[in-house]
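Written below as structure tokens is the structure these notes are about.
The values are calculated or read from the model by the stated rules, or taken from the named source; none is laboratory data. Source: prediction; values computed, not measured. Glycine gets a Cβ as well: all are built from the backbone with ideal geometry, and neighbour counts include every protein chain shown. Quick note on the areas: whole protein, heavy atoms, side chains included, nothing else; ligands and nucleic acids left out. Shrake-Rupley method; radii C 1.70, N 1.55, O 1.52, S 1.80 Å.
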Amino acid sequence: MLQWGRIKYLMADEFTTTRGLGWIDAGRMQKDYELVQTYLGMEKPFAVESAFTSRLLDPTIKMDASKVPK
Amino acid sequence: MKILGIAATAFALVASTAVGHAGQSVSLILNWTPAADHSPFYYAKAQGWYEKAGIDLSIEVGKGSGVSSLKVGSGGAPFGISDLATMLVARSKGADAVALMSIYANTGQTFYWLKSYGVNGPKDFVGRKIGNPPGDASRVMWPAFAKAAGIAPDAVSFVNVGPTAKSAALKTRTVEIISDFYNSHDLKLREFGSDLGSLNWKDIGLNAYGNSLIVNGAFLQKNPKLSEDFVRITQKAYAACVADFEPCLKALLDRSPASTARSNCCSGAASSI
């Protein structure tokens, strides 16, 4: 149960709580891509927007921030 | 005759409905053995939500995000769970994988230390030994952390410590800092109490996406409706488990091999690998 509380913390950000549970933000993805490219290396670079989509998510289902332990 | 006609129509409707719900077999490869963060999949399956959408889901135990992202990327499984950075690397090597939903919107990467060793934050990491496995993401990404913390990348030394030996290595002061995932935070808190110090990478401005639901790109192209149903059911299941975890834990324990699920449900030791 305690572990699930930590997981809920990891699930909640400004996008999952407002735009849809599981939302992947384009700006954050771009930063992740650059981080990975710098430190892990990309064998063949690609457009980051081809690697994710949030369009299949139901925007009415949001991460409930009130359930995240303080 | 009229009654017979109605009966025949009703039978035809039932038959066509049954065919419509026969279910398309799809598999999901986990990033690791079933753990609490996977419980919503088992919960939705137990509730029959996937089945009602015509999805006959089988869940496959994984062996790390490297394996799951490559398996999904090669079409060996339509869906999977993978750390997003690992999936990006796999994609750069040709894996046809696309992320559909974040599970860990925040990074689980966390450094742990004991305050009694004189460590109170990253500035005190200088000259210390950090224990983790050689390929550990926090070791690979260490230069980024050092830059964000304002310390030199070569200011620390790394000691090879296996995932299950980290806490023991910290306790015996073989190392003074370890890296681990935030979802096992409470195990350490129980062991070290108020002497435990920690810093999640998010708190220093490094917040990469963690475990996420991924799909094979070609499968997504061919099956847009099924993919959307799968995502939305999964999303609904996570929301239900956020509201009330008890039935999700039960579903996890009921649907997984007991020894595996029970040993992983509350430790989360490897759930972000």
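Within the stretch B:235-245, does at least one residue satisfy the condition of being open to solvent by less than 30 Å² (accessible area, probe 1.4 Å), at the interface with chain A (Cβ under 8 Å from one of its Cβ atoms) and not in a helix (DSSP H, G or I)? The answer is yes; a qualifying residue exists.
What residue, among those in the stretch B:250-273 that are within 8 Å of another protein chain (Cβ to nearest Cβ) and surrounded by 20 or more Cβ atoms within 10 Å (Cβ to Cβ), is modelled with the highest pLDDT?
At the first step, the residues of the stretch B:250-273 found to be within 8 Å of another protein chain (Cβ to nearest Cβ) are B:265-268.
The next check asks that each one be surrounded by 20 or more Cβ atoms within 10 Å (Cβ to Cβ); those that pass are B:265, B:268.
Details: B:265: 45, B:268: 38.
Filtering first and then ranking leaves B:265.
Taken over the stretch B:211-225, the criterion of being surrounded by fewer than 19 Cβ atoms within 10 Å (Cβ to Cβ) and either hydrophobic (A, V, I, L, M, F, W, C) or part of a helix (DSSP H, G or I) (or both) is satisfied by B:217, B:218, B:221, B:222, B:224, B:225. Scanning the stretch B:90-119 for residues that are open to solvent by less than 20 Å² (accessible area, probe 1.4 Å) and more than 7 Å from chain A (Cβ to nearest Cβ) gives B:90, B:95, B:97, B:107, B:110, B:111, B:112, B:113, B:114, B:119. Applying the criterion of being over 21 Å from residue B:90 (Cα atoms), at the interface with chain B (Cβ under 7 Å from one of its Cβ atoms) and touching a Gly at 6+ places or on another chain (Cβ under 9 Å) to the residues of the stretch A:16-59, the residue that is most open to solvent (accessible area, probe 1.4 Å) is A:58. Taken over the stretch A:17-70, the residue count meeting the criterion of being in contact (Cβ under 8 Å) with a residue 40 or more places away in the chain and among the aliphatic types (A, V, I, L, M) is 5. Scanning the stretch B:211-234 for residues that are touching a strand residue (DSSP E or B) at 6+ places or on another chain (Cβ under 8 Å) and facing chain A (nearest Cβ under 10 Å) yields a total of 13. Could you tell me whether the stretch B:178-185 includes any residue that is closer than 21 Å to residue A:23 by Cβ, open to solvent by less than 40 Å² (accessible area, probe 1.4 Å) and either within 14 Å of chain A (Cβ to nearest Cβ) or of a type outside the set (D, E, K, R) (or both)? There is at least one residue in the stretch B:178-185 that is closer than 21 Å to residue A:23 by Cβ, open to solvent by less than 40 Å² (accessible area, probe 1.4 Å) and either within 14 Å of chain A (Cβ to nearest Cβ) or of a type outside the set (D, E, K, R) (or both). Suppose the filter is open to solvent by 50 Å² or more (accessible area, probe 1.4 Å), of a type outside the set (S, T, N, Q) and in the same structural domain as residue B:238 (by TED's automatic domain parsing); does residue B:70 pass it? Yes.
Go over the candidates B:148, B:144, B:169 one by one and state the one that is touching a residue at least 24 places away in the same chain (Cβ under 8 Å), away from chain A (no Cβ under 13 Å) and farther than 30 Å from residue B:219 by Cβ. It would help to see each step written out before you state the result.
Details: B:148 fails: away from chain A (no Cβ under 13 Å); B:144 fails: away from chain A (no Cβ under 13 Å).
Exactly one residue qualifies, and that residue is B:169.
Scanning the stretch B:74-89 for residues that are open to solvent by less than 10 Å² (accessible area, probe 1.4 Å) and more than 7 Å from chain A (Cβ to nearest Cβ) yields B:77, B:79, B:80, B:81, B:82, B:87.
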